[in-house]
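Here's the structure, in structure tokens; my notes come after.
The values are calculated or read from the model by the stated rules, or taken from the named source; none is laboratory data. A quick note: this is a predicted structure, and the numbers were derived from the prediction, not measured. For neighbour counting, all protein chains shown are included, and Cβ atoms are generated from backbone atoms with ideal geometry for every residue, glycine included. Keep in mind that these areas ignore ligands, DNA and RNA; they rest on the heavy atoms of the full protein, side chains included. Shrake-Rupley method; radii C 1.70, N 1.55, O 1.52, S 1.80 Å.
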Amino acid sequence: MYFSYLHVLDLFSSHQTHTLPFFTNNRFFLLIFCFVPIFPQFCHLPLPLVFSNLGFCSSRSLDVLWIVKDQSFLDLKHTIEELRCGLNSPPINPFASGCTEFGKLIRVSLHGAQVTSWKNEHGEELLFTSSKAIFKSPKAMRGGIPICFPQFGTCGSLELHGFARNRMWFIDDNPPPLPAYDSIGKSFVDLLLKSSEEDMKCWPHSFEFRLRVSLTSDGDLNLISRVRNINGKPFSFSFAYHTYLLVSDISEIRIEGLETLDYLDNLLQKERFTEQGDAITFESEVDRVYLGSPNAIAVLDHERKRTFVIRKEGLPDVGVWNPWDKKAKSMVDMGDEEYKHMLCVDGAVIEKPVILKPGEEWTGRLQLSVVASSFCSERLGLDRDGL
Ligand SMILES: O=P(O)(O)OC[C@H]1O[C@@H](O)[C@H](O)[C@@H](O)[C@@H]1O
């Protein structure tokens with residue numbers, strides 16, 4: 001069944017008595033929209049729409065979730081009215097069109113549990129998405145944050161970066177509790193992937209993968225992955241948050257925090273080298289895995305005068321990738337010049353895969369923040385241990 005804004009709006013209005021107390025009592029909420037123009041191919045999937053905080057469930061189709069911060073009920077109502085006014089016009093992206101201005105938000109696709117947008121308070125996008133990105137199952141679209149699991153790159157016999165990014169995930173209505181500091185004062189959604197019969201054929205291990213995506217009051221994007229072995233036997237996996245940062249000009253970018261580390265160079269058959277420079281800069285294709293990195297690194301965008309701070313836990317390695325001009329030209333889902341505006345910096349576990357015994361669980365946390373580049377490294381707390 002194809003699903004339009006109208007259904008979403010009806011859903012809000014017909015449950016107004018339920019939604020009102022929630023929106024008036026909470027500054028943060030999770031706003032869930034089905035968005036046909038972005039992922040029409042997924043709309044036939046019957047998935048439960050769950051507003052667990054609101055105390056009601058409805059079985060509807062949906063594929064894209066929006067996590068929005070600091071919206072009062074009045075703002076939301078206003079937005080809904082604006083969308084209502086546009087109902088007779090062809091479907092458009094309400095966020096891209098500027099007819100709504102939510103400020104800080106995250107967009108997540110159930111396909112791959114891929115974060116596809118992260119915006120700051122000015123509505124500026126912080127993650128790269130290629131203009132040629134293909135939003136078509138079963139492949140992950142080029143951009144955002146694909147989840148690489150249970151394999152990073154070509155480190156095993158599975159498809160490149162594993163199958164998790166190419167599967168439909170589900171909203172996890174009742175996840176096992178996380179520590180209080182992972183939940184308080186945040187807007188979040190919990191997603192779940194379980195091993196399917198098809199996946200068992202190529203990777204014969206039963207697992208539950210839970211991902212919490214949350215937006216903090218400061219606008220930080222937090223990702224918490226929990227992988228549980230529900231098998232009778234141990235298994236191992238590699239993993240990465242394949243994070244496409246949107247940058248002004250790759251030639252002006254430097255990464256701090258990886259200097260002096262050893263790295264595996266994927267362009268030279270994974271040969272091991274030691275980084276020599278003061279910081280990582282870019283003037284040609286880079287495809288590396290830095291090993292045993294500190295838990296905080298910074299990506300400085302000189303031209304935009306802003307710095308991405310990446311904090312992580314349980315993720316010792318960092319993938320760094322930019323395809324540069326030649327490879328970009330060979331990719332069907334990447335514009336020829338777009339490599340200039342992206343840089344993948346992935347919190348990851350690659351060199352020493354995680355080994356989980358039956359019943360064990362692994363957790364990998366990533367926090368992305370953006371600060372003005374006038375902050376110096378000391379103030380960023382790059383030497384701080386973890387999140
Ligand atoms: O095209 P994909 O499958 O998304 O992969 C993109 C790149 O992802 C990087 O992480 C890998 O190190 C590269 O080797 C790879 O080319």
Qualifying residue in the stretch 195-211 (condition: within 16 Å of Ala348 (Cα to Cα) and open to solvent by less than 10 Å² (accessible area, probe 1.4 Å)): yes
Residue match in the stretch 245-263 (condition: touching a residue at least 12 places away in the same chain (Cβ under 8 Å), open to solvent by 10 Å² or more (accessible area, probe 1.4 Å), within 16 Å of the ligand (Cβ to nearest atom) and more than 21 Å from Ile171 (Cα to Cα)): yes
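Restricting to the stretch 355-387, name every residue that is among the polar types (S, T, N, Q), at pLDDT 80 or above and over 19 Å from the mean Cα position of the chain (by Cα). Walk me through how you get there before you give the answer.
Looking only at the stretch 355-387, we keep the residues that are among the polar types (S, T, N, Q), and these are 363, 367, 369, 373-374, 377.
Now narrow it down to the ones that are at pLDDT 80 or above: 363, 367, 369, 373.
Within the stretch 355-387, just Ser373 meets the criteria.
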Residue within the stretch 305-317 that is in contact with a strand residue (DSSP E or B) (Cβ under 8 Å, 6 or more places away or on another chain), within 16 Å of the ligand (Cβ to nearest atom) and of a type in the set (Phe, Trp, Tyr) present: no
All positions within the stretch 308-319 that are within 20 Å of Cys148 (Cβ to Cβ), touching a Leu at 6+ places or on another chain (Cβ under 7 Å) and open to solvent by less than 40 Å² (accessible area, probe 1.4 Å): Phe308, Ile310, Arg311, Lys312, Leu315, Asp317, Val318
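In the stretch 264-280, what residues are open to solvent by less than 70 Å² (accessible area, probe 1.4 Å), touching a residue at least 12 places away in the same chain (Cβ under 8 Å) and not acidic (Asp, Glu)? It would help to see each step written out before you state the result.
Pass one, the stretch 264-280, residues open to solvent by less than 70 Å² (accessible area, probe 1.4 Å): 264-266, 273-275, 277, 279-280.
Still in the running and touching a residue at least 12 places away in the same chain (Cβ under 8 Å): 264-266, 274-275, 277, 279-280.
Leu264, Asn266, Thr274, Gly277, Ala279, Ile280 - these are the residues of the stretch 264-280 that are open to solvent by less than 70 Å² (accessible area, probe 1.4 Å), touching a residue at least 12 places away in the same chain (Cβ under 8 Å) and not acidic (Asp, Glu).
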Cβ pairs under 6 Å, 6+ apart, first in the stretch 309-334 and hydrophobic (A, V, I, L, M, F, W, C), second more than 10 Å from the ligand (Cβ to nearest atom) and at pLDDT below 95: Val309/Leu380
The stretch 157-197, residues that are aliphatic (A, V, I, L, M) and within 16 Å of the ligand (Cβ to nearest atom): Leu158, Leu160, Ala164
Residue in the stretch 284-302 that is exposed (fewer than 15 other Cβ atoms within 10 Å of the Cβ), charged (D, E, K, R) and either assigned by TED's automatic domain parsing to the domain that holds Pro358 or touching a residue at least 24 places away in the same chain (Cβ under 8 Å) (or both) present: no
Which listed residue, of Ile224, Ile255, is farther than 24 Å from Ser373 by Cα and part of a strand (DSSP E or B): Ile224
Residues of the stretch 136-145 that turn out to be buried (at least 22 other Cβ atoms within 10 Å of the Cβ) and farther than 18 Å from Val247 by Cα, as a count: 2
Qualifying residues in the stretch 320-367 (those that are touching a Lys or Arg at 6+ places or on another chain (Cβ under 8 Å) and within 11 Å of the ligand (Cβ to nearest atom)) - the one most open to solvent (accessible area, probe 1.4 Å): Val332
Residue in the stretch 78-101 that is within 30 Å of Asn322 (Cβ to Cβ) and at pLDDT 50 or above present: no
Residue within the stretch 140-155 that is within 16 Å of the ligand (Cβ to nearest atom) and hydroxyl-bearing (Ser, Thr, Tyr) present: yes
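Among the residues of the stretch 277-295, which ones are more than 16 Å from the ligand (Cβ to nearest atom) and touching an Asp or Glu at 6+ places or on another chain (Cβ under 8 Å)? Give the derivation first.
Keep residues of the stretch 277-295 that are more than 16 Å from the ligand (Cβ to nearest atom), which gives 277-279, 281, 283, 292, 294-295.
Those that are more than 16 Å from the ligand (Cβ to nearest atom) and touching an Asp or Glu at 6+ places or on another chain (Cβ under 8 Å): Gly277, Asp278, Ala279, Gly292, Pro294, Asn295.
Being open to solvent by less than 50 Å² (accessible area, probe 1.4 Å) and either modelled with pLDDT of 95 or more or under 22 Å from Leu356 (Cα atoms) (or both) narrows it down to one of Ser130, Ser117, Ser183, so name that one.
On the way: Ser117 fails: either modelled with pLDDT of 95 or more or under 22 Å from Leu356 (Cα atoms) (or both); Ser183 fails: either modelled with pLDDT of 95 or more or under 22 Å from Leu356 (Cα atoms) (or both).
Ser130 is the lone residue from the list that is open to solvent by less than 50 Å² (accessible area, probe 1.4 Å) and either modelled with pLDDT of 95 or more or under 22 Å from Leu356 (Cα atoms) (or both).
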Failed condition for Leu126, given (1) within 15 Å of the ligand (Cβ to nearest atom); (2) closer than 21 Å to Val318 by Cα: (1)
